[in-house]
Every structure is written in structure tokens, then in C-alpha cells.
1. Cα to Cα, under 20 Å, and not fewer than 8 places away if on the same chain: which lysines meet these conditions relative to residue 78?
2. Determine the relative contact order of segment 48-100: mean sequence separation of Cα pairs under 8 Å and six or more apart, normalised by residue count, in whole percent.
3. Once phi is turned into ³J(HN,Hα) by the Karplus curve 6.51 cos²θ - 1.76 cosθ + 1.60 with θ = phi - 60°, what whole-Hz value does each residue of segment 313-322 show in order, with x for glycine and proline?
4. Just add up the charged neighbours of residue 52: K/R +1, D/E -1, any other residue whose Cβ is under 14 Å from the Cβ of residue 52.
5. Between their Cα atoms, which of 123/402; 226/265; 226/251 are more than 20 Å away from each other?
6. Have a look at the chain and give its Rg and Dmax from the Cα atoms, expressed in angstrom.
7. What residue among 330, 9, 439 has its Cα farthest toward the positive end of the dipole of the chain, where the charges are +1 on Lys, Arg and -1 on Asp, Glu, each on the Cβ?
8. Tell me the angle of helix 44-56 to the major Cα principal axis of the chain, expressed in degrees between 0 and 90 and rounded to the nearest ten.
Amino acid sequence: MTKIVSIGAGAGFADERPDAVQPVVADLAARTGPRYVIFETLAERTLALAQLARRADPGAGYTPQLAGFLTPIIRQCKQAGIGIVANFGAANPTGAARRILAIARDAGITNLRVAVVSGDDIKDTLGEDRIRCLPVTDGLPMGDQPILAANVYLGARPIAEALAYGVDVVVTGRCTDSALVLGPLIHEFGWAEDDWDRLATGTLLGHLLECSAQVSGGYFADPGYKDVPNLAQVGLPIGEVDEDGNLAITKAAGTGGQVSAATVKEQLIYEIHDPAHYIVPDVVLDVTGVTIAESEPDRVLVRGARGKPRTPTLKATISVEGGWLAEGEISYCGPNALARAELAGQVLAERLRIVGIQCPTRIDIVGTLSTFDSDRSALRNARSFPPDGDYRVRLSGNAPDKHTAERIANEVIGLYSTGPAGGGGVRKAVTSRVRTCSVLVDRTAVATDILLFEGEAP
């Protein structure tokens with residue numbers, strides 16, 4: 001019989017609904033053959049937040065929602081033999097492993113085996129001086145700001161190596177999203193490092209699954225144009241692939257949403273700059289010849305992925321100090337609300353000038369072309385906003401230090417005394433920021449390792 005590997009999406013971002021994975025695990029548990037559930041919870045932004053969290057608490061820095069994801073399913077996965085592969089590690093992969101073992105212990109599981117893929121953190125191995133010499137391909141130059149972290153995007157091979165130890169869970173830090181899927185396929189099928197077309201197929205499946213419900217109708221929905229049933233219970237996708245690279249996309253049984261040729265096509269081109277050269281660590285994927293066909297309701301066949309040899313470099317995200325974000329908001333409603341909101345914006349602009357704030361700021365009136373970045377001419381020319389209603393004034397600034405950020409945010413609080421009339425619902429926040437940029441690293445300079453944990457939390 002043809003060997004089929006089934007891989008379900010458990011999360012496509014850090015704040016995925018924790019209950020969404022349970023139908024996926026139930027569906028996988030009813031199947032035969034190798035089965036995995038993957039959790040993709042990292043982006044440049046979430047990794048930067050994780051770095052801040054670990055700086056404040058050395059025990060933190062992994063995905064905060066980890067327990068919410070795993071607590072309801074970890075016993076069923078262990079009993080059914082469903083492997084878990086996740087980039088929960090973020091800035092602290094070993095911390096994530098410890099937390100997973102504690103969750104297993106609380107569920108009465110004493111023999112859970114967890115593998116941690118290490119090596120994505122290159123700050124210490126390469127050193128700051130060498131990192132600063134790497135070419136920046138995206139984002140602003142690092143300047144002389146302290147480097148908080150440097151994380152390279154690892155590929156699928158280390159995940160496959162970790163699974164070879166017979167573990168129940170593989171935890172990574174920064175890796176490509178598609179590697180979470182390609183790794184189990186390499187492990188199950190033994191695909192060679194130069195089997196470019198099969199590696200491309202596995203990467204394509206990873207790309208289709210990585211954003212969870214986007215391929216099963218979630219972000220596809222647009223009422224009247226692209227109607228999707230039962231979004232409140234939208235199901236997460238499940239991919240099926242055989243050794244020859246034939247793959248199908250479906251979704252968890254009994255869930256809402258839809259898997260169609262249109263939803264798959266939309267996800268196929270999502271975040272792909274060049275369809276003929278989608279670069280990941282293991283292969284360069286070419287999707288220009290891919291065919292997509294519905295075989296039955298909520299089941300789509302995908303064929304024709306082609307692969308090219310991998311590149312000699314890997315992408316890395318460098319995190320540096322990014323100053324402080326100041327935010328303040330206040331609402332105006334009722335008669336003449338728009339004029340009062342505009343006056344509040346004028347008062348804030350004048351106050352920033354009086355107190356000598358020099359850093360970049362912006363003032364928005366949410367509900368009146370706020371995405372135009374304080375463009376008062378666009379606001380004056382707008383005719384679709386009633387003078388009576390409710391509007392929210394938002395002041396924000398990118399400050400070099402916490403003190404300046406506090407001064408900016410406090411100006412919104414000051415509107416209570418300086419006017420205009422009727423302001424309410426005020427809030428403010430001051431947040432330290434991490435700025436990131438991307439660089440290319442010679443892959444020969446990156447070394448990975450597998451750390452194994454079992455039973456009680458270490």
C-alpha cells in the first residue's frame with residue numbers, strides 16, 4: 001500500500017485560537033499511517049517580543065500560549081502516536097521544552113520525549129563584529145545599537161534528524177515555516193538532500209499549511225464576493241502527501257470554512273515574491289507549473305512543484321534596540337464630535353512643539369482616513385464622515401528613551417484639562433521596542449545540534 005503522511009496545522013500564528021487544534025488532532029487520531037500536527041507561532045515581530053521577554057526574565061522567551069495549545073491535546077497525541085513539531089522555542093527553545101514536559105507531567109504522562117533543535121541563535125557563535133559586517137538585505141542598517149539577538153532561519157534537515165531519535169515533540173527556535181512540514185516528510189520518506197522536486201513538494205505543502213485557516217477559508221472570506229460558511233468554527237487544514245510528492249489539502253472533519261481551488265490558489269501566492277524562485281534553506285521552489293484541482297468537496301489536489309538547488313546562504317534576523325513606542329488615545333462622541341476630535345489633534349500637535357519633542361510622531365483620528373498618517377488635507381476633503389458620531393484621537397511617537405515616550409503619551413492625558421470638551425476613554429502605553437533587519441549568512445558558518453529531554457521537567 002502507498003504510504004501516506006498526514007500533517008495537520010495546529011496554529012498559524014502566536015495568538016491562534018487554542019481550541020482550533022482539537023478537531024485536527026481528533027481527525028488525525030482516526031487515521032492510519034504517520035501523522036503530525038505542526039504549530040507555526042513565529043514571525044519577526046513575535047521573535048522580537050520573545051527577545052524582550054527573555055531579557056526581562058531568563059526563564060521566559062518562548063511562545064506564551066504554549067500551554068493553551070498543548071494542554072488539551074498532548075495526551076491524545078501521545079496515545080495516538082501523533083508527532084508534534086513546533087517553533088514554540090522562539091528566543092528560549094530549552095525553556096519551551098521544560099514547559100512542555102511540565103504540561104505532560106500534569107497530564108499524567110511521564111515518558112514524553114522532547115527534542116530541541118538548537119543553532120539558530122548565532123549571536124555568540126559568530127560574534128557581534130562579524131555580524132555587523134554581514135550585508136543587510138532588508139530593513140534599516142544596524143548602526144551602533146547593541147545587538148540583542150541574531151537568529152538564522154534553519155531548514156528541515158535538523159527537524160528530520162531530531163525525529164530520528166523517536167521523540168514525541170520537536171521544538172525549534174527560528175526556522176522557516178515550511179520546514180515544520182518538510183522535516184517530518186524527510187524523516188518519513190528519506191528524501192535525499194538533492195531530491196529537489198520532492199523537497200519542493202514538501203516545501204509547497206508547508207507553505208500551504210503554515211498560515212492555518214487562511215487556506216481553509218478564514219482570511220479568504222469577503223461577504224458577497226467570497227462567501228465562506230461557519231467562520232466561527234473554521235477548521236484548520238490537513239495535508240496528505242505520498243512518497244512521490246502527490247499532495248492533497250483538506251480540513252478537519254466537521255469544521256466550518258472551506259477548502260477549494262480558490263482558497264488554495266490564494267494561499268499559494270501569499271508572500272511569494274518570485275513564483276519561480278521561492279527560497280528556503282533546503283531548496284528553491286518553483287510554483288509556476290503547479291496545478292490545482294478539486295477532487296471532492298473540501299479536498300484539493302496539488303501537483304507540479306519543481307525544485308532547484310539550494311542557495312549557499314541562509315537568511316538571519318538581527319534584533320537591535322529600537323527605542324520606545326509612545327501611544328495615547330482618547331474618544332469624542334455626540335454632536336460636533338469630529339470638530340472636537342480635530343481640535344484635540346491640533347492641541348496635541350501644538351503641545352508637542354511647545355515642549356520640544358523632536359522625535360517622529362503622528363496624530364490620527366480613527367474613523368477619518370487614519371491610515372493616511374495625519375494628512376489633514378485628505379481629512380478636510382473627506383465628505384463621508386458625519387460631524388456627529390464617535391471618533392478616536394490617537395497620538396503615537398517613536399522615542400529614543402522612556403522619559404521622552406512618557407512625555408508624549410502624557411500629552412493625551414493632558415487633554416482632560418486643556419480641552420476640547422467631552423473627551424473620554426483615555427488610555428496610554430509606553431513600550432520598549434526591538435528593531436530588526438535581515439542579513440545573509442554563509443550556511444557553512446551555521447551549526448545545529450539536537451538536545452534531548454525525557455520524563456520530568458529538567
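1. Reachable lysines: none.
2. On the way: 49 pairs, mean separation 23.7, N = 53.
Result for segment 48-100 is 45 percent.
3. These are the phi-based 3J(HN,Hα) values: 10, 10, 7, 9, 9, 9, 10, 10, 4, x Hz.
4. Values: positive: 45, 54, 55, 402, 433, 435; negative: 44, 57, 321.
The answer is +3.
5. Values: 123/402 26 Å; 226/265 13 Å; 226/251 18 Å.
Over 20 Å apart, Cα to Cα: 123/402.
6. 24.6, 77
7. 330
8. Compared with the principal axis, the helix lies near 80 degrees.
Taken together, the values in this text are just the output of simple stated rules run on the coordinates, not laboratory data. This one's a predicted model, so the numbers in the text were calculated from it and none came from an experiment. Glycine gets a Cβ as well: all are built from the backbone with ideal geometry, and neighbour counts include every protein chain shown.
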